[in-house]
Amino acid sequence: MNIAFIGLGNMGAPMARNLLKAGHSLNLFDLNKDILAELAALGGHVSASPREAAKGT
C-alpha cells in the first residue's frame, strides 16, 4: 500500500517517521526541505507537489 503525507508538521512528521520505520511506502510533500530530507533518509519518496504525492495512492 502506498501512503501520501501532505504536510509534515507537528503531527504529520512523527506519524510519517513511525510508518517509514515500520516498513511502509510513503510519498511525501511539505514546504520544509529539512523534514523532507530527514524522512527521505528513512526511505520516504519526496514529491514535487501535493498532486504528485497523491498520485498512485
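None of the figures in this text is laboratory data; all of them are computed from the coordinates on show. This one's a predicted model, so the numbers in the text were calculated from it and none came from an experiment. Neighbour counts run over all protein chains shown; Cβ positions are idealised from the backbone, glycine included.
In nm, give the distance between the simple-model label positions of Asp34 and Lys55, each being 7 Å from the Cα along the Cα-to-Cβ direction.
3.0 nm
Just rank Met15, Met1, fewest to most, by other beta-carbon atoms within 10 angstrom.
Numbers: Met15 13, Met1 5.
Taking fewest neighbouring Cβ atoms as first place, the list is Met1, Met15.
Tell me, what is the percent relative contact order of the chain, built from C-alpha pairs under 8 Å that lie six or more residues apart?
On the way: 84 pairs, mean separation 23.1, N = 57.
Normalised by residue count, the contact order of the chain is 40 percent.
One-quarter of the Cα convex hull surface for the range 2-54, in nm²?
Numbers: hull surface 11.8 nm².
Directional mean of the projected Cα hull area for the range 2-54 stands at 2.9 nm².
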